[in-house]
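Heads up, the thing below is written out as structure tokens.
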Amino acid sequence: MAQAHLNITPLATPPTDNLQTNHIYLDDGTNTASGYPGWRRYTGAAWVDIGGNNRVKTSTANVTNPPTAAELISAFGAAATVGAGFTALVNDNNGDANNYLVISNGTSYWYATLTKAT
């Protein structure tokens, strides 16, 4: 018995035609919270990520210690744009010294300095 296979092209722009609640599409990572390709579902009001990718978006920007709001905006976009619940990591200058866990509440960025395991 032959198996059916899907050939789905990831999209950079969410569909806009004839939207109905629970429509899905494969995003190329442009619009996902992680920045990686993933499935998204239309809620009737907005597109939301529906899982399948547990990696966290990471920036290797060269930031100050601690990072400023301006540096986080440069790395990820405005807090209002990424939205509440956005979670990311900053690996300062792609080094092995300063790493930060970053979240957005939809208005501002918050960070926690991580401690290297020894």
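The values are calculated or read from the model by the stated rules, or taken from the named source; none is laboratory data. What you see is a predicted model, and the numbers here were worked out from it, not measured in a lab. When we count neighbours, we look across all protein chains shown, and the Cβ atoms used for this are built from the backbone with ideal geometry, even at glycine.
Output yes when any residue across the range 50-71 is in contact with a helix residue (DSSP H, G or I) (Cβ under 8 Å, 6 or more places away or on another chain), closer than 23 Å to residue 11 by Cα, of a type outside the set (Ser, Thr, Tyr) and assigned to a helix (DSSP H, G or I), and no when none is. The answer is no, given that none of the residues of the range 50-71 is in contact with a helix residue (DSSP H, G or I) (Cβ under 8 Å, 6 or more places away or on another chain), closer than 23 Å to residue 11 by Cα, of a type outside the set (Ser, Thr, Tyr) and assigned to a helix (DSSP H, G or I).
Residues checked against (1) in contact (Cβ under 8 Å) with a residue 24 or more places away in the chain; (2) of a type outside the set (Gly, Ala, Ser):
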{"residue": "66", "(1), (2)": "yes, yes"}
{"residue": "72", "(1), (2)": "yes, yes"}
{"residue": "87", "(1), (2)": "yes, yes"}
{"residue": "92", "(1), (2)": "yes, yes"}
{"residue": "98", "(1), (2)": "yes, yes"}
{"residue": "101", "(1), (2)": "no, yes"}
{"residue": "112", "(1), (2)": "no, no"}
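Within the range 9-34, residues that are touching a residue at least 12 places away in the same chain (Cβ under 8 Å) sit with their Cβ atoms under 9 Å from residues that are charged (D, E, K, R) and exposed (fewer than 12 other Cβ atoms within 10 Å of the Cβ), at 6+ positions apart or across chains, in these pairs: 34/55.
May I ask you to list the residues in the range 39-62 that are of a type in the set (A, V, I, L, M) and in contact with a Leu (Cβ under 8 Å, 6 or more places away or on another chain)?
The initial filter retains those residues of the range 39-62 that are of a type in the set (A, V, I, L, M), namely 45-46, 48, 50, 56, 61.
Across the range 39-62, the qualifying residue is only 56.
Looking only at residues in the range 47-62 that are among the hydrophobic types (A, V, I, L, M, F, W, C) and modelled with pLDDT under 90, the one that is nearest to residue 17 (Cα to Cα) is 48. Residues in the range 54-102 that are of a type in the set (Val, Ile, Thr) and surrounded by fewer than 20 Cβ atoms within 10 Å (Cβ to Cβ): 56, 58, 60, 64, 68, 73, 81, 87.
Residue 82 passes every criterion in (1) under 12 Å from residue 109 (Cβ atoms); (2) at pLDDT 90 or above; (3) not aromatic (Phe, Trp, Tyr) apart from (2). Could you tell me whether residue 97 is in a loop (DSSP other than H, G, I, E, B) and modelled with pLDDT under 90? Yes: the conditions hold for residue 97. Within the range 9-20, the residues that satisfy the criterion of being farther than 16 Å from residue 46 by Cβ, exposed (fewer than 10 other Cβ atoms within 10 Å of the Cβ) and either of a type outside the set (Asp, Glu) or in contact with a helix residue (DSSP H, G or I) (Cβ under 9 Å, 6 or more places away or on another chain) (or both) are 9, 12, 18.
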